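The values are calculated or read from the model by the stated rules, or taken from the named source; none is laboratory data. None of these values were measured; they are calculated from a predicted model. No Cβ is skipped: glycine too gets one built from the backbone with ideal geometry, and neighbour counts run over all protein chains shown.
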Amino acid sequence: MPSLYEGFGIPVIEAMSMGIPVACSDTSSLKEIAQDAAVVFDPEKNEEIVEALIKVLWDEKTREKLKEKGLKRASEFTWPEIANNTVELYKSISGFQKKGDLPPFIVPPVKSR
């Protein structure tokens, strides 16, 4: 069953980072995360799902192109960046802005190496 809603799209990034060609819903964040490194489809249209899966599973040129683009796209995301973005999101919606204001369950941003 394809995703109808995805908060960020970490499974898509994880698959791409391992060189796995991706077919995913064109809903919520997935299309933005995948960009041109995945075959996207309307999750409520069975024909589109079938077409996307056929491309990913049986078209060797498509698979190779997606693998290459996926590895490149996934390299644009790092765990520290994702963690920092998550902390910033929590801070923005919680009203906590200063480091000392953070509730105990939110850790300060991680520094990239």
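Look through Ile49, Ile33, Ile82 and report the one residue that is touching a Phe, Trp or Tyr at 6+ places or on another chain (Cβ under 9 Å) and touching a residue at least 60 places away in the same chain (Cβ under 8 Å). Going through Ile49, Ile33, Ile82 in turn, just one is touching a Phe, Trp or Tyr at 6+ places or on another chain (Cβ under 9 Å) and touching a residue at least 60 places away in the same chain (Cβ under 8 Å): Ile82. Of all the residues in region 33-47, those that are surrounded by 14 or more Cβ atoms within 10 Å (Cβ to Cβ) and not hydrophobic (A, V, I, L, M, F, W, C) number 2. Please go through region 16-32 and give me each residue that is at pLDDT 90 or above, surrounded by 18 or more Cβ atoms within 10 Å (Cβ to Cβ) and in a helix (DSSP H, G or I), ordered by number. Within region 16-32, Met16 is the sole residue that qualifies. Has region 48-70 got any residue that is crowded, with 19+ Cβ neighbours inside 10 Å, under 25 Å from Thr86 (Cβ atoms) and touching a strand residue (DSSP E or B) at 6+ places or on another chain (Cβ under 8 Å)? Yes: one or more hits.
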